[in-house]
1. Can you find, among M241, A223, W265, the residue farthest towards the positive end of the dipole of segment 194-300? Put +1 on the C-beta of Lys and Arg, -1 on that of Asp and Glu.
2. Taking 0.36 nm per residue of sequence separation and subtracting the Cα-Cα distance, how much length would be gained by fully extending the chain between Y191 and I40, in nm to one decimal?
3. For F21 and D55 in the same chain, what is the full-extension length gain: residue separation times 0.36 nm, less their Cα-Cα distance, in nm?
4. Can you figure out the FRET efficiency of A181 with A142, using R₀ = 25 Å and their beta-carbon distance, to the nearest 0.05?
5. Taking the Cα centre of the chain as origin, sum charge times position over the Cβ atoms of Lys and Arg (+1) and Asp and Glu (-1), and report the length of that vector in debye to the nearest 20.
6. Given labels modelled 7 Å from the Cα in the Cβ direction, how far is it in nm from F260 to D294?
7. Given H placed on each backbone N at 1.01 Å, which residues far from Q244 in sequence or on other chains put an amide H within less than 5 Å of it?
8. Apply the membrane-span-like helix rule to the chain: whole DSSP H runs, Cα extent along the own long axis of at least 15 Å, mean Kyte-Doolittle hydropathy at least -0.5. List the helices found.
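Where a number appears in this text, it was derived from the coordinates with a stated rule and is not lab data. What you see is a predicted model, and the numbers here were worked out from it, not measured in a lab. FYI the Cβ positions are ideal-geometry reconstructions off the backbone, even for glycines, and counts take in every protein chain you see.
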Amino acid sequence: MADIIQQDPDMQARPGRLTEFWHYFRENRGAVFGLWVFAIFVAVAILADVIAPYDPTEQFRQHLLQPPFWQEGGTTAFLLGTDAVGRDMLSRLLHGARYSFYVGIVVVAVAASGGILVGLIAGFAPKWLDTIIMRVMDIILAFPSLLLALVLVAILGPSLTNAMIAIAIVLQPHYVRLTRASVMSELSKDYVTASRTTGAGLARLMFITVLPNCMSPIIVQGALSFSTAILDAAALGFLGMGAQPPTPEWGTMLAEAREFILRAWWVVTFPGLAILVTVLAINLMGDGLRDALDPKLKRS
């Protein structure tokens, strides 16, 4: 009997969902590299107060626009140089990671929660209400995202908080459309019909029966929206409509350094590289999440 059980493939233990997810995720080497880079940036953001050599707003007036690896007394005083008012570039970049990830987390949380709720309502709603919701989403998507965010920030007032609100509103229609499409594809399946037959209420159908089976594409969209939020926040900061000086936000740092591009390359190069590497890492992670969570892309 033991031999029969051991040989029966149906009786053998299957790997857990997390193990299966990691198996498919690590097949994408770019995604694994992006995950490691993302983890490093998260650690930097958390430990910025510990590893930053100086306060990000401290000004060394005697060391304006010092180049990288500038030495004083035989030791490197400013590893990545200083900006136009003598602030340490390395310290500002490290603290800037904290602001960028804060923006990404808040924007994705707000946009996803609102978008998923509206998408669920649209998927279960009568046709007339579904049509109204989706036409409103189409109108929002008809505007260029950055332009719409600029208009909203101009109405609310320039600040990092208002920039996050504007970006969340701009990204919300993507979650609405994605959730609605996933819900519509799930409603015709047998398990939903069975739940309705057993007397499940509307709220139970929406949030317990259907929503968990729609999360895979939403998770991928969340990863991509995270990078979009960082880019849009940096763009608004560069235009003076996001975080305001002396906040060490990467887009604001680029805006402050515009007039020194030709004679102090480091003040624009390092913040730009930080944005580039972070967004690239998150996008690579998004590709890996898509490969691991989409059953159609899994190789047998």
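1. The Cα lying farthest towards the positive end belongs to A223.
2. Working: separation 151, 0.36 × 151 = 54.36 nm, distance 4.18 nm.
Computed gain between Y191 and I40 is 50.2 nm.
3. Full extension from F21 to D55 adds 8.2 nm.
4. On the way: r = 19 Å, r/R0 = 0.75.
Step by step, r from the Cβ atoms, then E = 0.85.
5. Working: 21 positive and 22 negative charges, 137 e Å.
Here the size comes out at about 660 debye.
6. Rounded to a tenth, the inter-label distance reads 4.4 nm.
7. L160
8. Details: long enough: 29-46 (26 Å, 2.17); 89-124 (51 Å, 1.52); 127-142 (22 Å, 1.15); 145-156 (16 Å, 3.21); 160-187 (40 Å, 0.85); 215-238 (34 Å, 1.38); 266-293 (40 Å, 1.38).
Flagged H segments are 29-46, 89-124, 127-142, 145-156, 160-187, 215-238, 266-293.
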